[in-house]
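Notes for the one structure printed next.
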Amino acid sequence: MILHPHLDVNRAGHLTIGGMDTVALAREFGTPAYVMDEDVIRAQCRTYLAACRTHFGADALPAFASKSLSFTEIYRIMAEEGMGIDCVSGGELYTARNAGFPAARIYFHGNNKTERDLADALDMGVGTIVVDNAEELATLGALAAARGVTQSILLRITPGIDPHTHRAIQTGNVDSKFGNAIQTGQALAITRAALATEGVSLLGFHCHIGSQIFEIDPFLEAADGMLRFIAEVKRETGFLATTLNLGGGLGVRYTENDPVIDYAEAIAGIAAAARAAAEKAGVPLPRIILEPGRSIVAAAGITLYTVGGVKEIPGFKNYISVDGGMPDNPRYALYQSVYTALIADRAGEPATYRATLAGRCCESGDLIGEDMAIQPAKRGDVLAVLSTGAYNYAMASNYNRLPRPPVIFVKDGKARVVVRRESYADLVRNDL
Ligand code: LLP
């Protein structure tokens with residue numbers, strides 16, 4: 001096993017994913033390429049579903065946060081596994097519905113949904129819209145009333161929790177572009193407004209405190225804060241929330257230094273805290289929705305590159321250049337995210353070399369990581385970066401006019417393309 005149980009080394013000394021030789025996969029599909037183990041994705045869905053039902057109740061639902069990985073096949077898999085979906089744009093909604101994902105199990109997010117987004121969501125019968133702010137509430141109410149429908153909504157609340165994660169991916173602080181803070185009274189104010197708005201039916205509340213969080217405490221605090229808020233709303237307005245969406249955010253192992261998370265245990269812990277908080281607040285535990293993204297898909301994926309060159313600058317450092325970079329993985333440039341990389345051809349050998357992994361863009365900040373431990377490399381080697389299943393393909397761009405890599409799924413010893421590699425013709429498709 002290398003970092004995750006589905007990654008290993010075969011007799012040839014090559015890295016394998018789901019039992020398949022990554023050097024052979026690189027040869028067959030070319031590089032750069034995202035490769036994902038489908039069984040790992042499905043197993044994570046089942047872990048979440050079982051743990052949610054066992055610990056929160058039969059009606060609890062994990063909704064996959066598809067911002068972390070969005071293409072047709074992923075929505076098909078989520079539909080088959082019985083998951084809900086969190087969509088955050090018209091494009092995600094379109095992809096989900098086009099893939100046949102049931103609209104009733106969609107939670108539609110976003111801090112600035114356009115009128116068109118809202119109209120599209122109403123027209124496709126999206127189950128729940130998570131309303132972010134007062135303007136959106138009024139717009140949605142008017143659009144729904146004009147159609148003669150009543151739209152189920154949750155309100156996005158910021159519980160004022162500060163988890164230990166990168167500032168750019170914290171979302172539950174009072175000072176946030178998302179939602180309505182409990183502390184400032186704005187959460188209660190928008191609740192009163194929602195109860196008075198025609199065309200919407202308020203089911204309850206949503207919060208999401210951040211992403212890549214390893215400690216369980218911030219989740220427990222959030223559950224506690226939200227249940228106290230639900231009790232306050234009941235006292236102040238008489239409205240009793242029947243749904244509470246606690247968002248996503250559980251962390252994933254990117255390096256050997258990261259802990260191994262037992263997701264079922266984490267969910268059990270959050271459920272116990274939520275139950276205790278509900279009892280203390282004197283309200284029944286609402287139906288619970290969770291929105292995991294990263295923890296469903298990150299570990300399943302790796303990215304394969306081909307090494308172009310190795311440059312050793314005496315007295316400075318070593319660079320290994322690969323045939324991708326920030327366009328397929330912008331996370332180091334954005335958040336200094338740490339990854340594990342290895343030479344797939346010699347994955348069993350010790351990582352005795354230290355190098356900065358450089359992408360191929362015309363920009364010094366185009367790095368996959370700095371000062372990484374890796375096997376000595378040479379031109380033509382296949383280089384694998386691990387745990388790239390979340391927020392890599394989803395955040396990919398065409399910077400420097402680089403075509404986006406394909407997504408390859410492996411399962412039962414077979415590999416299939418689920419997103420084909422972009423061509424140069426794709427790059428000019430919309431140019432007039
Ligand atoms: N629900 C909501 C409302 C969210 O905003 C997010 C993530 C999730 C659920 C899923 O969180 P997860 O389980 O994946 O942590 N691009 C950044 C991550 C941004 C997360 C945005 N929201 C990164 O690459 O680290």
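The values are calculated or read from the model by the stated rules, or taken from the named source; none is laboratory data. Being a predicted model, the structure only gives us computed values, none of them experimental. Every residue, glycine as well, gets a Cβ built from its backbone with ideal geometry; the counts of neighbours run over all protein chains shown. Ligands, DNA and RNA are stripped out before the accessible areas are found, and what is left, the full protein with its side chains, is counted by its heavy atoms. Shrake-Rupley method; radii C 1.70, N 1.55, O 1.52, S 1.80 Å.
Of all the residues in the range 229-257, those that are hydrophobic (A, V, I, L, M, F, W, C) and surrounded by fewer than 15 Cβ atoms within 10 Å (Cβ to Cβ) number 1. Screening the range 1-112 for helices (runs of 4 or more DSSP H) wholly inside it with 2 or more residues that are within 16 Å of the ligand (Cβ to nearest atom) and open to solvent by 10 Å² or more (accessible area, probe 1.4 Å) returns the ranges 38-56, 90-98.
Checking the stated criteria, V260 turns out not to satisfy the condition of being buried (at least 20 other Cβ atoms within 10 Å of the Cβ) and either in contact (Cβ under 8 Å) with a residue 12 or more places away in the chain or assigned to a loop (DSSP other than H, G, I, E, B) (or both). How about the range 191-216: which of its residues are over 16 Å from K234 (Cβ atoms) and aliphatic (A, V, I, L, M)? Within the range 191-216, A193, A196, V200, I209, I213, I216 meet the criteria. Do you know which residues across the range 182-207 are open to solvent by 40 Å² or more (accessible area, probe 1.4 Å) and either in contact (Cβ under 8 Å) with a residue 60 or more places away in the chain or of a type in the set (S, T, Y) (or both)? Those that are open to solvent by 40 Å² or more (accessible area, probe 1.4 Å) and either in contact (Cβ under 8 Å) with a residue 60 or more places away in the chain or of a type in the set (S, T, Y) (or both): T184, S201, L203. Against the numbered list (1) over 29 Å from I267 (Cα atoms); (2) surrounded by fewer than 24 Cβ atoms within 10 Å (Cβ to Cβ); (3) in contact (Cβ under 8 Å) with a residue 12 or more places away in the chain, F316 comes up short only at (3). Filtered by the rule that a residue be open to solvent by 30 Å² or more (accessible area, probe 1.4 Å) and in contact with a Leu (Cβ under 7 Å, 6 or more places away or on another chain), the range 144-156 gives R147, V149, S152.
Residue check: is L93 out of contact with any Leu (no Cβ under 9 Å at 6 or more places or on another chain) and either farther than 30 Å from M326 by Cα or touching a residue at least 12 places away in the same chain (Cβ under 8 Å) (or both)? Yes. Checked against the criterion of being at pLDDT 95 or above, open to solvent by 30 Å² or more (accessible area, probe 1.4 Å) and within 16 Å of the ligand (Cβ to nearest atom), the candidates Y424, Y391 yield just one match: Y391.
The sole residue among L188, L227, L220, L203 that is under 25 Å from A273 (Cβ atoms) and either of a type in the set (K, R) or touching a Ser or Thr at 6+ places or on another chain (Cβ under 7 Å) (or both) is L203. Every listed requirement among (1) open to solvent by less than 20 Å² (accessible area, probe 1.4 Å); (2) in contact (Cβ under 8 Å) with a residue 40 or more places away in the chain; (3) more than 21 Å from the chain's Cα centre (by Cα) is met by A358 save one, (2).
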